[in-house]
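The values are calculated or read from the model by the stated rules, or taken from the named source; none is laboratory data. Predicted model, so just to flag it, every value in this text is computed and none were measured. Cβ coordinates were reconstructed from backbone atoms using ideal geometry, including for glycine residues, and neighbour counts include every protein chain displayed. Heavy atoms of the whole protein, side chains included, go into the accessibility calculation; ligands, DNA and RNA do not. Shrake-Rupley method; radii C 1.70, N 1.55, O 1.52, S 1.80 Å.
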Amino acid sequence: MDGSRIPAVVVKADEVYSPWRQSGGSVVSIGDRIAFVGTDSQLQADGLSSLLESSAFAIEVLDGKDCIVVPGFIDGHVHLIGGGGEGGPHTRTPEVMLSTLTTAGVTTVVGVLGTDGITRSVEALLAKARALELEGISTYIYTGAYELPTRTITGGVRSDLVLIDKVIGVGEIAIADHRSAQAGNAELARVAAEARVGGMLGGKPGVVHLHVGRGSRQLSQVLEVIETTDLPPTQFYPTHVNRTEGLFEQALELRRLGGTIDLTAGISPNSGEGDSVAAPKAFAHLLETEGDLERITLTSDGNGSMPTFDDKGNLVSLEVGPVDLVFQEVREAVLGEGLPPDKVLKVVTENPARLLNLFPRKGAVLSGSDADFVVLTREDWQIRHVVAKGRVLVRDGVPVVKGTFEV
């Protein structure tokens, strides 16, 4: 593409979900922002169509016939530099590649470390996030790992949040898990207080992203900290909360208090976790009983290890978590469960964007928003095109932009 001309992308589809349903399916981005959303006739009337005919623009037209346009997905929990290692050094998963994310519809990603804060570092996670940003998508990270006191770059959670642009919170800190630091309430409250003040000073969300295991305490420690300190429920953002029915019910209690909870795609009775709650079923239940999916997100835990332990805590098997599970479960919720698209899409667009203080710049298809959007086939919800920061990264299901070292 001619670097002297302003890049523009035009797609004329059947409908736009932003994530709420809008009339008209025409979307135009200029540079890295969305310039127009509406009907084709409105596009002509606004004069933007004529303007784009100017030689100042390098226009890329995407075929949107029989398609819908939705916001680019925000995956708030991905092991960008790999995860795992619970079975020894040879079980450490590799770094994620750009097209693995983009072909899953992900245009914004938040990186985490996980169990291993020894052979992996927050510094390396930051470098990987910067690399993916240069390659084409938007990236953020959590400082820290499973343990408390946790790993940081500058020596403290507060200073990481204030001084490092991509750090938006601390996590994933492990609780209710045999791999956690078995920290007490005071230590959990202390790191949450550091994150809160660091977030305030740095203009960041400053949330504490919590890995919740299958331990018997579940979220009781978090609820105790909220009850016995001045920390608000919004300070804590637990993930994997659908791994058991009891944990899910306790997470809904935190949500009722005003907190945001995160479900992990791929966790279901069919995956061997018999007492778990599959995300599409959870969405259906909540829409039936409460009528909305506010303050709920869905993430992949992608590119991390998926360990299976026996009842004595011994590692039995280990797999790599697919990144595309988020899209697959959104698709299942809409097509399989028959849930309204505008409700379901919020859990991977608007809701995480609000949590991360990014809405409406991210998580929306609106004039002025970042040019991050996905074009899906209307009939069977397959990913056709992906645009991130105004650049076409996936066309007709094929990645046209790859990472630096991808073949």
When you check residue 300 against the structure, is it open to solvent by less than 40 Å² (accessible area, probe 1.4 Å) and either in contact with a strand residue (DSSP E or B) (Cβ under 9 Å, 6 or more places away or on another chain) or more than 19 Å from residue 74 (Cα to Cα) (or both), yes or no? yes
Given the structure, is residue 135 surrounded by fewer than 18 Cβ atoms within 10 Å (Cβ to Cβ) and in contact (Cβ under 8 Å) with a residue 24 or more places away in the chain? no
Of these, 165, 230, which one is within 23 Å of residue 75 (Cα to Cα) and without any contact (Cβ under 8 Å) to a residue 24 or more places away in the chain? 165
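For (1) in contact (Cβ under 8 Å) with a residue 12 or more places away in the chain; (2) within 13 Å of the chain's Cα centre (by Cα), each residue gets a yes or a no:
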position	(1), (2)
270	no, no
298	yes, yes
301	yes, yes
310	no, no
315	yes, no
So which of 158, 179, 151 ends up being over 25 Å from residue 94 (Cα atoms) and open to solvent by 20 Å² or more (accessible area, probe 1.4 Å)? 158
Inter-residue pairs, beta-carbon under 7 Å, first part of a loop (DSSP other than H, G, I, E, B) and in the stretch 47-68, second open to solvent by less than 50 Å² (accessible area, probe 1.4 Å) and not hydrophobic (A, V, I, L, M, F, W, C), 6+ apart: 64/25; 66/377
Checking the condition open to solvent by less than 40 Å² (accessible area, probe 1.4 Å) and within 16 Å of the chain's Cα centre (by Cα), which residue from 167, 122, 191 passes? 167
Odd one out for residue 101 among (1) in a helix (DSSP H, G or I); (2) touching a residue at least 24 places away in the same chain (Cβ under 8 Å); (3) more than 17 Å from residue 299 (Cα to Cα): (3)
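Go over the candidates 344, 316, 320 one by one and state the one that is buried (at least 24 other Cβ atoms within 10 Å of the Cβ) and of a type in the set (Val, Ile, Thr).
On the way: 316 fails: buried (at least 24 other Cβ atoms within 10 Å of the Cβ); 320 fails: buried (at least 24 other Cβ atoms within 10 Å of the Cβ).
After ruling out the rest, the residue left standing is 344.
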